[in-house]
1. Scan the range 112-125 and tell me whether some residue there is at pLDDT 90 or above and within 11 Å of the chain's Cα centre (by Cα).
2. Only one of (1) out of contact with any helix residue (DSSP H, G or I) (no Cβ under 9 Å at 6 or more places or on another chain); (2) not in a helix (DSSP H, G or I) is not met by residue 115, so which one is it?
3. If you check residue 90 against the conditions, is it assigned to a helix (DSSP H, G or I) and either under 25 Å from residue 122 (Cβ atoms) or at pLDDT below 90 (or both)?
4. Within the set of pairs 6+ apart or on separate chains, which have a first residue in the range 129-154 that is more than 22 Å from residue 59 (Cβ to Cβ), a second that is modelled with pLDDT under 85 and surrounded by fewer than 16 Cβ atoms within 10 Å (Cβ to Cβ), and C-beta atoms under 6 Å apart?
5. Give me the pairs: first residue in the range 78-102 and on the phi < 0 side of the Ramachandran plot and surrounded by fewer than 13 Cβ atoms within 10 Å (Cβ to Cβ), second residue at pLDDT below 95 and not in a helix (DSSP H, G or I), beta-carbon distance under 9 Å, and six or more apart or on different chains, which are they?
6. Please specify each residue of the range 30-49 satisfying the condition of being under 17 Å from residue 114 (Cα atoms), assigned to a helix (DSSP H, G or I) and free of Cβ contacts under 8 Å to residues at least 24 places away in the same chain.
């Protein structure tokens, strides 16, 4: 998971400050996930709560900043192919967001650490996040990178 995040930063880092910040937030989210993945219940409620806060912040930034920015950029370039792809990808991202919110709700209700399925739920969340990161990378590639101004030699 960390390798995928590094690859995304290498491909799109520096392209736009908003995306850079978001990819850095992704890295922090993954780092925290990896630290908890072996036994999230043993970590206690505080580390899980901090993870959930990072998770919600990351997902919110995607929905309310990044995706909106990417769509507006594609619209400005009248890029129908990119907009069509976004309309296909975005519903799956929304499904994953609902899963994220459900996981968060269980953790904020205080029953997260005592749930016998926590380790499995956490693992499954990681799989969904990995899928989400791949979908988001696709959106960035098609909706943003395609519209970059080519660098010309002086």
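1. no
2. Exception for residue 115: condition (1).
3. Spelling it out, it is not the case that residue 90 is assigned to a helix (DSSP H, G or I) and either under 25 Å from residue 122 (Cβ atoms) or at pLDDT below 90 (or both).
4. What qualifies is 147/77.
5. As it stands, the answer is none, since no pair meets every condition given.
6. Result: 46, 47.
The values are calculated or read from the model by the stated rules, or taken from the named source; none is laboratory data. Remember, predicted model here, so these are calculated numbers, not experimental data. Quick reminder, even Gly has a Cβ in these numbers, built from the backbone with ideal geometry, and neighbours come from all protein chains shown.
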